[in-house]
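Below is one structure, written out as structure tokens; comments come after it.
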Amino acid sequence: MNYKNIFKILSSALVLLVIVGCATTTPIDYAAYKGSRPRSILVLPPLNNTPEVSASYSVLSYVTQPLSEAGYYVMPVTLVAEAFKENGLTQPADMHATSADKLRQIFGADAVLYLSITQYGTVYRVINSVSVVSVEAKLVDLKTGQQLWTGSASASSDEGQSQQQGGVAGLLLSAVVKQVMGTVLNQSHQVAGVATTRLLSAGLPKGVLYGPRSPNYGKD
């Protein structure tokens, strides 16, 4: 095979990689979101798909701040919990199953945010131990029932940390220590804050749009 043929093959492969890369970075369609432009958001307690019983309310405790900073009025979490309780709903799954019409009738919000936790807790590996939190979200217009936006984000306790030294024995000891410390200090709760902020902050690629209380409203 001569050099010209090799060059042609490599060129074709490069074009294919570019095409595949472009196909995996399709931008989000914000047309419905921009058409709705919700001012107030009702946040439902997250569905917990992990063994950690505290995951739902750990994530929920971080939701209000990034949404408020993005320019939205967020329905107070405690008042929402009381309203659901008065209507006989105490489990996140039952709240998520409530119709958009019923949610709007009870709370009067413009949109509802559905959250789902897919990973939460400290994971022990052979040479490492990390706390990982992964969350998915969906924003729905309560007037029309139309989905406005979806997103997902993850965070872990070992982000930005350098590789440990000291051989296999040192790595194993470090993993055990990190797992114990992660459990004692509830490290997953702190990581949940990072994941939630990463998911719900405005101005980020594929993130939520700025709300009407933000000076950046309508500029995204």
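Annotations for the structure displayed:
- Rough spin-label spacing in nm, given labels placed 7 Å along Cα→Cβ, for Tyr30 and Asp101: 3.2 nm
- As an equivalent ellipsoid, region 41-137 spans semi-axes of 28, 15, 10 angstrom, where each value is the square root of five times an eigenvalue of the C-alpha gyration tensor, largest first.
- Counted residue by residue at 0.36 nm each, then reduced by the alpha carbon distance between them, the extension gain from Ser68 to Lys85 reaches 3.7 nm.
- About its Cα centre, the dipole of region 31-142 is roughly 240 debye, where the only charges are +1 on Lys and Arg Cβ and -1 on Asp and Glu Cβ.
- By average C-beta atoms within 10 angstrom, highest first, the peptides 138-144, 37-43: 37-43, 138-144
- Packing rank of 195-203, 76-84, 27-35, 129-137, where each peptide gets the mean count of other beta carbons within 10 Å, highest leading: 129-137, 195-203, 76-84, 27-35
Where a number appears in this text, it was derived from the coordinates with a stated rule and is not lab data. Since we're looking at a predicted model, the values are computed, not measured. Positions of Cβ are backbone-derived with ideal geometry, glycine not excepted, and every protein chain shown enters the neighbour counts.
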